[in-house]
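These notes are about the structure you will find just below.
The values are calculated or read from the model by the stated rules, or taken from the named source; none is laboratory data. Quick caveat, the model's predicted, so the values are computed rather than measured. No Cβ is skipped: glycine too gets one built from the backbone with ideal geometry, and neighbour counts run over all protein chains shown. SASA here: full protein model, heavy atoms, side chains in, ligands and nucleic acids out. Shrake-Rupley method; radii C 1.70, N 1.55, O 1.52, S 1.80 Å.
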Amino acid sequence: MAKRVYQVWKGSNYFFLGGRLIFGPDAKSLLISLLLIIVPVTVFCVFVARHLRHEFPSYNAGYAILVAAIVFTIHVLVLLLLTSARDPGIVPRNSHPPEEEFRHEFSASVEGGRQTPSLQFPRTKEVIVNGMPVRVKYCDTCMLYRPPRCSHCSICNNCVERFDHHCPWVGQCIGLRNYRFFFCFVSSAMLLCIYVFAICALYIKVLMDNNQSTVLKALKESPASVVLMAYCFISLWFVGGLTGFHLYLISTNQTTYENFRYKAENRINVYDLGCVNNFMEVFCTKIKPSRNNFRANVQEEEPRPPLPTTREAEVEMGEDHRAKVEDDLEFGGDLLKISQRHNIEDIEAEIRSRGSDVHHHNSSEADSVLGSDRRAPNVQADIRNSSWGRRSGSWEIASEVGGMKSNITESRSHVSPKEQYQ
């Protein structure tokens with residue numbers, strides 16, 4: 001039976017309901033966040049809102065306080081689940097590096113300064129975003145060039161589009177596909193803290209009016225209100241400060257990662273579209289579908305041909321140079337044969353002028369000269385081997401061929417007619 005993608009997933013995520021829900025590796029911390037929301041609201045409903053049901057008889061406003069607290073809490077929990085249990089924008093990793101990005105670069109070897117090509121991989125490349133060049137990096141883990149604003153989360157072990165940060169309170173990365181829900185969750189939690197704090201203060205005021213007592217006595221009558229007000233005050237500093245910080249990031253179209261990493265470098269923000277357009281981009285654009293189908297069956301990848309070795313790359317890169325060298329060597333060999341052919345014709349003419357009595361000796365001499373012509377391909381091969389391995393692309397064949405031609409001519413001139421006759 002074929003396995004599904006979530007069953008062989010290489011990231012550090014946890015999957016539930018057959019790959020329908022995806023959480024980060026620290027999903028257990030989500031339970032703490034749930035308790036920090038559910039427990040205070042339960043205490044509020046039991047010890048505060050329940051006593052206010054009959055305090056506002058007109059339009060049953062007392063029941064509205066209790067219902068509003070429950071509905072608001074459910075709203076916050078749903079936003080927390082949407083933030084934590086969905087794909088934040090994970091970029092599918094490749095099973096092999098992109099071959100089209102490989103390039104051959106010559107590097108000098110130790111032996112004789114010979115240059116051999118080696119496979120190089122560019123670590124960065126530039127893309128154009130809003131008319132401005134942006135440098136993107138290559139991810140060795142996912143074997144891909146990260147899209148702009150994408151970063152690799154070391155906790156989840158995934159590359160995430162528009163990576164903002166990894167939030168331990170929701171147990172998930174915050175990225176392109178869940179940032180909107182994350183901000184709504186944080187801001188809704190802030191409003192819930194304000195609501196609980198205000199209703200607790202109202203209940204203290206109701207106790208003071210009903211019993212004609214002081215604030216201290218009212219606080220003693222409802223210790224739950226005191227605890228809830230203190231808890232909401234402390235939590236408000238956290239979720240309130242986080243809400244204000246992300247309002248600033250949205251208005252300037254930044255991510256938390258970019259703000260902390262590039263703030264000191266004074267980089268130009270090429271993603272800033274203006275305050276209104278930045279808010280529209282976050283809250284009013286359609287959320288892109290996930291690039292991963294975690295429930296799909298794993299497709300077996302066809303075996304790839306191996307990458308070219310150094311020797312194969314050398315043959316490929318030097319093919320044009322070798323073709324040129326072979327043409328030059330053949331041309332030099334032709335010149336050598338032509339010069340030898342002229343020398344042979346001169347010797348044969350001289351032999352015919354000597355007479356038939358020395359025909360036998362001159363024929364052997366001609367055969368020896370013809371033998372040197374047969375050895376011309378060997379001379380050509382020696383030239384080719386001796387000239388191979390030069391670093392320069394130009395091959396000085398003419399000087400070598402000319403030198404060999406002059407040596408052969410000199411060797412012919414040393415043979416006098418008297419020696420030929422003897």
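For this structure, a couple of remarks:
- With the simple model of a label 7 Å out from the Cα in the direction of the Cβ, Y59 to V39 spans 3.6 nm.
- Relative pair counts by distance (%), Cα atoms of segment 18-84, 10 Å bins: 18, 38, 24, 14, 6, 0
- Over 29 Å between alpha carbons, listed pairs K10/K263; K125/K288; K137/K288: K10/K263
- Estimated inter-spin distance, V134 and F260, nm [label 7 Å along Cα→Cβ]: 2.0
- Taking Cβ atoms as reference points and 14 Å as the exclusive limit, the residues near L176 contribute a net charge of +4, counting Lys and Arg as +1 and Asp and Glu as -1.
- Once the chain from V270 to V227 is taken as fully extended at 0.36 nm per residue, the excess over their C-alpha distance is 10.8 nm.
- With all protein chains modelled, accessible area of E221 [1.4 Å, Å²]: 90
- Were the residues from D209 through S29 laid out at 0.36 nm apart, the gain over their Cα-Cα distance would be 60.5 nm.
- Our summary of shape: the Cα atoms of segment 212-266 have principal axis extents of 60, 17, 14 Å, ordered from largest down, in whole angstrom.
- Compactness index (Cα Rg / 2.2 N^0.38 Å), segment 136-255: 1.58
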